[in-house]
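Here's the structure we're looking at; comments come further down.
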Amino acid sequence: MFQIRLIIALIITVAFLPGTLVAQYSSSDAGQYTILNAQYGTTRNHVDVTNRLKEIARQDRTFRMGNSTFGVDPDPGQVKTLRIYARGPNGQERMFEYREGSTVDGSMFSSWGRGDWGNDPWHGGWEGGGGYQPQPEMTTALQNLREAQQNLESASRDKGGHRVKALDHIRQAIAEVEAGIQYDNTHRSKGEDRRH
């Protein structure tokens, strides 16, 4: 009787495992932005790190970024930035900035782990290729919020409901910062005055 139960359990496991793996894999690569290119460095000296970023993305969904990550220091003695240029669901290009030492979270990028991006020719430079301007403060705020979200998600669950409330507030803040970035990208490209 035990052998029959074991066989049934194995059959059920094998039957449902592929679907579970596909759902898990696709949900972790379901971001809304498609990466076009990645540059690392400063305005003065920077290098294309798109292919190296693909290698890293295949290994980790999040990582802490610095000179050792990319194996190059394009501007010694200066604080570097990783700039990821991506296209959103509406077709508009956007730049994500990560200061040296910050955490990069690939969950917002489609096909992050598969590396099915960055294959099209890139005609932009350090400032990008589209009608948007860098928003380093907003991008940094977004990264800090995502890092806080990860920390809270990893925290123990015995906080009297306050951890859950904090996570809700952070999700709302992330949505507002993203909406602010999108608004600025859309309206500034139409020639509106830039006011904070």
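The values are calculated or read from the model by the stated rules, or taken from the named source; none is laboratory data. Small disclaimer: the values here were computed from a predicted structure and weren't measured. In this analysis, Cβ positions are derived from the backbone assuming ideal geometry, glycine residues included, and neighbour counts consider all displayed protein chains.
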(request) Write out, first by first residue and then by second, each pair whose Cβ atoms fall under 6 Å of each other, whose residues are 6+ apart or on separate chains, and whose first residue, in the stretch 142-157, is closer than 14 Å to Ala173 by Cα while the second is buried (at least 16 other Cβ atoms within 10 Å of the Cβ). (result) Leu142/Val177; Gln143/Ser102; Leu145/Ile170; Leu145/Ala173; Leu145/Ile174; Arg146/Asp105; Ala148/Ile170; Gln149/Ile170
(message) Is it the case, given these coordinates, that Gln78 is at pLDDT 90 or above, surrounded by 14 or more Cβ atoms within 10 Å (Cβ to Cβ) and outside any loop (DSSP other than H, G, I, E, B)?
(response) no
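Does Arg146 satisfy the condition of being surrounded by 16 or more Cβ atoms within 10 Å (Cβ to Cβ), modelled with pLDDT of 75 or more and of a type in the set (Lys, Arg)? Explain how you work it out, then say what you get.
Numbers: surrounded by 16 or more Cβ atoms within 10 Å (Cβ to Cβ): yes; modelled with pLDDT of 75 or more: yes; of a type in the set (Lys, Arg): yes.
Considered against the rule, which asks whether it is surrounded by 16 or more Cβ atoms within 10 Å (Cβ to Cβ), modelled with pLDDT of 75 or more and of a type in the set (Lys, Arg), Arg146 comes out as yes.
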(message) For the stretch 164-195, give me each residue that is surrounded by 15 or more Cβ atoms within 10 Å (Cβ to Cβ) and either modelled with pLDDT of 80 or more or among the basic types (Lys, Arg) (or both).
(response) Ala166, Leu167, Ile170, Ala173, Ile174, Val177, Gly180, Arg188
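If I filter the stretch 1-49 down to residues being farther than 20 Å from Arg99 by Cα and not in a helix (DSSP H, G or I), which single residue comes out as modelled with the lowest pLDDT? Write out each step before concluding.
Our first condition is that a residue be farther than 20 Å from Arg99 by Cα; within the stretch 1-49, this holds for 1-32, 34.
Still in the list and also not in a helix (DSSP H, G or I): 1, 29-32, 34.
Numbers: Met1: 70, Asp29: 61, Ala30: 72, Gly31: 81, Gln32: 86, Thr34: 89.
Going through the qualifying residues, I end up with Asp29.
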(request) Please go through the stretch 62-71 and pick out each residue that is surrounded by 15 or more Cβ atoms within 10 Å (Cβ to Cβ) and either without any contact (Cβ under 8 Å) to a residue 12 or more places away in the chain or assigned to a loop (DSSP other than H, G, I, E, B) (or both). (result) Met65, Gly66
